[in-house]
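A short reminder: the numbers here are calculations on the coordinates, not readings from a lab. Bear in mind that the values here come from a model prediction, so they are computed numbers and not experimental data. Neighbour counts are summed over all protein chains in view; Cβ atoms, including those assigned to glycine, are modelled from backbone coordinates with ideal geometry.
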Amino acid sequence: MTEKEVTEKTIEFVKSELQHAEGGHDWWHIERVWNNTRVIAQVEPVNHFIAELGALLHDIADYKFTGGDESIGVIKARLFLNELSVEQDVIDHVEKIITNISFKGGNFTQNFFSLELAVVQDADRLDALGAIGIARAFNYGGFKGRELFNPSVKPVIGMTVEQYKNSHAPTINHFYEKLLLLKDRMNTETGRKMALQRHLFMEHYLDEFFSEWNG
C-alpha cells in the first residue's frame, strides 16, 4: 500500500471514529490540524508522511472523552496502522507524537522530541487560538456544563497534569491557563508567525468580553 493510500484510509478511519465527537474535537478539528501541518511542513525538513499521520491520528481518542485514559488513542492508532502493514518505525513515531502532543497544564514533560512532533504540535496549538480557538473553548465548556465566567474563580497558572485534567473552572479561565500561553510555546518560526495574529485576536476578544461583562 502506498503512502497516499495509507493517508486516504486513515482519513476514512478518523472520519468514522469521530462522527459523533464533540464539536471542538471532531473530524473538522482534525482536518484543520492536518491542513496546518501541511502548511508548516512546507518549510520544515520533516517526513511528511509521519507528520500527516500524526496530525490525522493525534485526537483519535482524546483522554478528555475516555475518562482520562491516555492509552486508548495510542492503542487505536497502532492497531489501525498495523492493519495497513505500515512500517513499525513509522508506527512508533506516530505513537510518540500522540503521546507527547498535549498541553496538560503546561507542566507535562515530553519524553520525546522530533521535528515531526514539533510541527504537529504547532498545528494543533494553532487550532486552539484565534476565532476558532474561542469557538472551540466555549463549545467544550458548554459540552461540560461550565460557567462562561465567574469573577470569584481565579485562573490557576502552571497546574499539574492532574489539576489540569480535573479542572472544572469557567471557560474564560481556560484562556489564561492555556490559550494565551501557547504563542510563546510554538516550536517553529512558521508556527510562531501564524500564532501571533490569532493570539492578538483573542486579546481583543477578551477586552470586549470584560467591557461588556462590566457594563
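Look at the dipole of the range 77-215 built from charges on Cβ: of ALA77, GLN197, ASN187, the Cα furthest out on the positive end belongs to GLN197. Its Cα gyration tensor gives the range 64-167 an equivalent ellipsoid; the semi-axes, largest first and in whole Å, are 30, 15, 14. A Cβ-based charge dipole, computed about the Cα centre of the chain with Lys and Arg at +1 and Asp and Glu at -1, lands at about 560 debye. As a rough guide to protection, the peptides 173-183, 122-132, 153-163, 9-19 ranked by mean Cβ packing within 10 Å, highest first, stand as 122-132, 173-183, 9-19, 153-163.
Each part reduced to its alpha carbon centroid, the range 107-131 and the range 181-212 end up 15 Å apart. Evaluated over the Cα positions of the chain, the convex hull gives a direction-averaged projected area, one quarter of its surface, of 11.6 nm².
Comparing TYR176, VAL86, HIS25 along the charge dipole axis of the chain, the residue lying farthest to the positive side is TYR176, per the Cβ-charge model. With 0.36 nm allotted per residue and the present C-alpha distance subtracted, the ARG38-LEU200 stretch has 56.0 nm of extension available.
Among LEU115, LEU148, a tally of other beta-carbon atoms within 10 Å of each Cβ gives an order, fewest to most, of LEU148, LEU115. Relative to the dominant Cα principal axis of the chain, helix 27-41 is inclined by about 70°. With everything on Cα atoms, drop me the angle between helix 115-126 and the longest principal axis of the chain, reported from 0 to 90° to the nearest 10. With both axes taken from Cα atoms, the answer is about 40 degrees. Note on HIS48 and TYR176: their simple-model spin labels are 4.4 nm apart, each label 7 Å out from Cα toward Cβ. Against the main long axis of the alpha-carbon atoms of the chain, helix 71-83 sits at an angle near 30°. Residues within the reach of a label modelled at GLU208 (point 7 angstrom out along Cα to beta-carbon, backbone nitrogen below 17 Å), restricted to the range 171-187, are 172.
Label point of GLN163 set 7 angstrom out along Cα-Cβ; within the range 113-133, no amide nitrogen lies under 17 Å from it. A dipole drawn for the chain from +1 and -1 charges on Cβ atoms has a positive end, and of VAL120, MET1, THR160 the residue lying farthest that way is THR160.
For the pair HIS20 and LYS193, label points projected 7 Å from Cα toward Cβ lie 4.3 nm apart.
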